[in-house]
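Before any comments, here is the structure.
The values are calculated or read from the model by the stated rules, or taken from the named source; none is laboratory data. Keep in mind it's a predicted model, so treat the numbers as computed, not measured. Note that we place each Cβ from the backbone using ideal geometry, even for glycine, and neighbour counts take in every protein chain shown. Only protein heavy atoms, including side chains, enter the accessible area calculation; ligands, DNA and RNA are left aside. Shrake-Rupley method; radii C 1.70, N 1.55, O 1.52, S 1.80 Å.
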There are 2 protein chains.
Amino acid sequence: MTVPKNHPRYESLMRRERLAEMVGRGLVTPTGLVSQGRGEAFDYMMGERTLPASLEAERAAAAHLLLAENPVVCVNGNAAALDAPNLIELAKLTGSKIEVNIFHRTEERMSLLIDYLESLGAENVLGREPDARIPGLGSDRALCTREGIFSSDAILVPIEDGDRAEALVAMGKTVISIDLNPLSRTSRVATVPISDEISRATANMIGFAREMRGDEGAARSAIESYSAERSRQSVVGEIIGFLSRYV
Amino acid sequence: MTVPKNHPRYESLMRRERLAEMVGRGLVTPTGLVSQGRGEAFDYMMGERTLPASLEAERAAAAHLLLAENPVVCVNGNAAALDAPNLIELAKLTGSKIEVNIFHRTEERMSLLIDYLESLGAENVLGREPDARIPGLGSDRALCTREGIFSSDAILVPIEDGDRAEALVAMGKTVISIDLNPLSRTSRVATVPISDEISRATANMIGFAREMRGDEGAARSAIESYSAERSRQSVVGEIIGFLSRYV
C-alpha cells in the first residue's frame, strides 16, 4: 500500500500504515485501529497540536508520577505500537514500573508486547503473570499484578477503556489518562485527563519530568495549580472554536 | 473477542468487530478500520442519529439519482462491509449501476468485493475490467469503467477519499457523498454532502426514492430547495451544540 507523498493527510495516513503493520505482527488488534481513528478525528479538530490546557495537564501528570510512591505506566497494544520509546523513557525518568495490560487479552499477545518493550530497553516489564484483580471489572480485563497496577498510587493509562479508568479511580488511585477525546468517560473520570496525541504528550511529560526531578516544590505546585475540570473545558472550547470557523 | 453486553458502547464496539471480521476475510483493509473510527467520532458528536439537515440532503440525493441519465452507486470495502444490502436496494430502486472502486486496489480484493455484492443479489457489478481513467488522479485510484463511473452524470460515493471526490466534481458530475465528517474535503466539494452513518443514510434514501419514484416534480423540488452550504453549516452547528453542553 502506497500513499502518495502529496496527499494532504500524508502523515496521518502513514501513522495508519504503521498501526496496520503492527496488526500484521500481532501487537495491535484490528479494533485498535478503530480507536486510533476516533482519536484522529479529535486531534484534527484540535489542529494536530498540543493545546495550552493539555500542556498544563502534562506538567501536572509528570509531577504526579515523580511524587508517587509506586507509579506505574500502563501499556496496551496501541500505546506500544505508537509510542514505546517515549513510554519507556518516561518510566525510567519517573521511577515508574511498566505493566502491559490489554483489553483483548491473550497470552500470546501479552508475550509479544512484553518482548517488544524489552527489545527496546524496558526492564522488568510486568503483566505476564497476573496475581491480582481490579475490583468491579469482569473477565480478563481485571487481571493485573499486585506489585504493579494493583498497588500503584499513580498510574498512567494511555488510550484506556472507560470501564477500566473508572475502576482504577474507584480504587483511590491518581489516574492520568491520555485520550484525544475530551468527552470520553476515561477523560471525564481521570484525575489528570490529557487530550493530546500520545507521542506529543509523552515527549512533553519527559521534558517536565527532567525539569522537576529533585524539585519537590515545583512538582507540588504543578499539581496544585492544575484543575482537571478547567483543563477539559478549555480543550472542548478550543474544538468549538475550530468548528466555528466552518459555520 | 467478546464485548460485555453491558458495555456502554456495545453497539459501536460490535460494528468494529464486524469490520474487523471483514478485514480477516480480505474485503476491508486494516486502514479502513481507522477511517471507520474517524467517522464514529463525528457520529458520536451528532448523537448517533440522522440530523434534520442530513435528512434533507438524503432527500435531495435520492432525487438526483432518480433524475440522472446514468446514475452510479460506487462501493468500496467499508461501504460493502457495512451496508451492502441497502446499497444494492438503493441502486435497484433508482436504476443506478453499481461499480466497485477501492483506494488500495488489488485484483484479488476487487474480485472478493464484486463476488460478495453479487452473492447478495447485485447484478452486473462493474469495476473488474477498468477501461477508463478519472482525469487528475495518479496510480490505480484513477481506474474506472467507461460504462459506469466515467460516463455517469450522478454518482453516490460513500466514505470517499477527498482527492477522488474532487476529481469527480471536476468532471462535472453531481457527486453525492456519505461522510460523517462535515469538514472533510469530500464533504466540502460534494454537490450533496450527507453527514450521516451509511446505513441510516441509505435507509432514508431508499424511503425517499420509493416516495418520489415517478413524481418528477417532487424530485425536482427536493433538489431545488436543498443547499449544500446551508446543510453543512447546520450539521457543524449541531456538533457545536453537542460540545457546548460539556463547557
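Would you mind computing, in nm to one decimal, how far apart the modelled labels at B:Tyr246 and B:Glu21 are, each placed 7 Å from Cα along Cα→Cβ?
Rounded to a tenth, the inter-label distance reads 3.1 nm.
Per the Debye formula with a single identical scatterer at each Cα and no solvent contribution, what log10 I(q)/I(0) holds for the stretch A:49-101 at q = 0.13, 0.23 Å⁻¹?
Here the Debye-derived log intensity ratios amount to -0.34, -0.95.
GNM on chain A, C-alpha springs below 10 Å: top fluctuator among A:Leu66, A:Leu82, A:Leu120?
Among A:Leu66, A:Leu82, A:Leu120, the largest GNM mean-square fluctuation belongs to A:Leu120.
If R0 is 56 Å, what FRET efficiency do you get for A:Ser199 and B:Ser119 from their C-beta distance, rounded to 0.05?
Efficiency computed from Cβ-Cβ geometry: 0.85.
Once you list every other residue whose beta carbon is under 13 Å from the beta carbon of A:Ser139, what net charge do they have if Lys and Arg are +1 and Asp and Glu are -1?
Value of the local net charge: +2.
For A:Leu143, enumerate residues with amide H under 5 Å from its amide H, sequence gap 5+ or separate chain, H modeled in the peptide plane.
So A:Leu143 has HN proximity to A:Ile134.
From zero outward in steps of 5 Å, how is the percent of C-alpha pairs of the stretch A:127-188 spread across the bins?
Taking all Cα pairs of the stretch A:127-188, the binned fractions are 4, 20, 28, 27, 14, 5, 1 percent.
Residues with beta-carbon under 10 Å from that of A:Met46, excluding A:Met46: net charge, scoring Lys, Arg +1 and Asp, Glu -1?
Here the count lands on -4.
For the stretch B:36-102, which GluC sites (Glu not before Pro) are in a loop by DSSP, counting at most 10 other Cβ atoms within 10 Å?
Answer in residue order: B:Glu69.
Over all alpha-carbon pairs in the protein assembly as shown, figure out the percentage whose distance exceeds 43 Å.
For the protein assembly as shown, the fraction of Cα-Cα distances above 43 Å is 21 percent.
Leaving out ligands, DNA and RNA but keeping every protein chain, what accessible area does A:Glu123 have, in Å² rounded to the nearest 10, with a 1.4 Å probe?
Its accessible surface works out to 130 Å², give or take rounding.
Note down the net charge around B:Gly127, summing +1 for each Lys or Arg and -1 for each Asp or Glu among other residues with Cβ under 15 Å from its Cβ.
-3
Going by amide H atoms built from the backbone, whose H comes under 5 Å of the H on B:Ile194, apart from near neighbours?
Long-range HN contacts for B:Ile194: B:Ser177, B:Ile178, B:Asp179.
First obtain the Kirkwood hydrodynamic radius of the stretch A:52-244 from its Cα pairs, then insert it into the Stokes-Einstein equation at 37 °C and 0.692 mPa s, and state the resulting D in µm² per second as a whole number.
Result for D is 199 µm²/s.
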